[in-house]
Amino acid sequence: MKILLVNNYYYYRGGDCTYLFLLKKLLEENGHKVSIFAMHHPQNLDSEYSKYFVSFINYDEEVRNINIFSGFKVLNRTIYSREARIKIEKLIEAEKPDIAHIQNVHHHITPSIFYVLKKHNIPILWTLHDYTLICPNTSFLSHGRVCEKCKNNKYFRPSIERCKKDSFSASTMAALETSIHRIMRLKDIVDVFLAPSEFLSKKFLEYGFSESKMVRLDLFTDIESPDKTKESDYYMYAGRVAPEKGIKTLIDAAVKVDSCKLKIVGSGPLLRDMTAYARSKDKNNVIEFLGHKNREEIINLYRNCKFIVVPSEWYETSGLIIFEAFACGKPVVGSRIGGIPELVKDTERGLIFEPGDVEDLSAAIKYLLNNPDLIDEMGENAVKFMKQELNPEKHYQDLMGIYEKVLSRTS
């Protein structure tokens, strides 16, 4: 089978990119021909298909130097990219894929490519990594709080709320993008939406997506579980240092615990602020910011920690970090929001706490630190769960079943 994988970025930038590379490797190992469509970026990995990639655009730079020309450029690129449409047609003509599997296309590639795919009778599957199709701010957050004011197509709300970057223009642009994509009827054009959590699936159904097109499919990881887990003197967080990730709550909880080191891995827009905040609160130096680490380094840190904390304060869609932690035999302390509780299963593969609640989080951390046998037991449960439910072989078989069903419907 010839499979076209599409994603804005082609480097390890986030969960969507990690899944893209895992999926590419899995499909190729099983004998499939995989082609890639993405955007040029200075950090991209090498690809034989890069000649087809769309040109790089830095939105932060464009918005910073806003004028009539750059404003038109941003609007044109965000909603409907003519360049992407032309270049993917060239790729399709050269590679003749049987099926297209989308990860993220918003803002850079845009859904303009879907019309070309349909023209060539290529079925479209879309793994949903965020909520952009139903929330202009992509995360159901407005000024740090969960917000669903756009429900029932009220896409005038972002301009009022200024939920995107605290900016009227950015919020209006995002609302316009979502509105136009609704008018383009993307939910009808796409053949199947793959939902990595029950929570995400239900949320999209609430916003009018068809149940017949929504298919549950967990993500997976290729990390091999160790025979015996190692344990060091720290617990950790890995991910973006961003407002929705609950880093401030985690820092406050770690200071309150004050008996074990917390390592924070990752970078993001709040890194400088959160480093300064931790410095002002952390009198006994229990918090260490490690900055960006490559995947291999992060996995090493997972293998040697006590447990991982996922303190998200937004509707987390699923969480490759949780999969990776489980594969390394580590339990997760996660917030009761989005798809996190489905994976963690309170007291089974970790502990659940109320998002944003410092007292609840610090109590959960203390409980695990005081019960090392429980850490081992939960870690073993996590490994068992990964081997049975979230392994590459199962993911491949499930995905092939979905591919073949879609191909039979569209042939």
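The values are calculated or read from the model by the stated rules, or taken from the named source; none is laboratory data. Being a predicted model, the structure only gives us computed values, none of them experimental. Cβ: placed from backbone, ideal geometry, glycine included. Neighbour counts: every protein chain shown. SASA here: full protein model, heavy atoms, side chains in, ligands and nucleic acids out. Shrake-Rupley method; radii C 1.70, N 1.55, O 1.52, S 1.80 Å.
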Residue count, the range 105-137 (criterion: over 16 Å from Ser81 (Cβ atoms) and hydrophobic (A, V, I, L, M, F, W, C)): 8
Matching residues in the range 115-127 (open to solvent by 10 Å² or more (accessible area, probe 1.4 Å), part of a loop (DSSP other than H, G, I, E, B) and within 17 Å of Phe37 (Cα to Cα)) number 1
Scan the range 128-181 for residues that are assigned to a loop (DSSP other than H, G, I, E, B), more than 20 Å from the chain's Cα centre (by Cα) and closer than 27 Å to Asp218 by Cβ and jot them down. Lys151
Tell me the residue from Glu224, Glu244, Glu313 that is over 29 Å from Lys165 (Cβ atoms) and under 25 Å from the mean Cα position of the chain (by Cα), please. Glu224
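State whether the residues of the range 175-188 include one that is among the polar types (S, T, N, Q), touching a Phe, Trp or Tyr at 6+ places or on another chain (Cβ under 8 Å) and closer than 19 Å to Met214 by Cβ.
Our first condition is that a residue be among the polar types (S, T, N, Q); within the range 175-188, this holds for 178-179.
Checking which are touching a Phe, Trp or Tyr at 6+ places or on another chain (Cβ under 8 Å) leaves us with 178-179.
Among the residues that remain, those that are also closer than 19 Å to Met214 by Cβ are: 178.
Yes: the range 175-188 contains one or more residues that are among the polar types (S, T, N, Q), touching a Phe, Trp or Tyr at 6+ places or on another chain (Cβ under 8 Å) and closer than 19 Å to Met214 by Cβ.
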What's the total number of residues in the range 108-146 that are farther than 20 Å from Asp188 by Cα and out of contact with any Asp or Glu (no Cβ under 7 Å at 6 or more places or on another chain)? 6
What is the number of the single condition among (1) modelled with pLDDT of 95 or more; (2) under 25 Å from the mean Cα position of the chain (by Cα); (3) among the small types (Gly, Ala, Ser) that Ala94 does not meet? (2)
Residue in the range 183-199 that is acidic (Asp, Glu), at pLDDT 95 or above and in a loop (DSSP other than H, G, I, E, B) present: yes
Examine the range 194-201 for a residue that is among the aliphatic types (A, V, I, L, M), in contact (Cβ under 8 Å) with a residue 40 or more places away in the chain and in contact with a helix residue (DSSP H, G or I) (Cβ under 9 Å, 6 or more places away or on another chain), and state whether such a residue exists. yes
Among the residues of the range 1-27, write down those that are under 26 Å from Glu404 (Cβ atoms) and among the polar types (S, T, N, Q). Asn7, Thr18
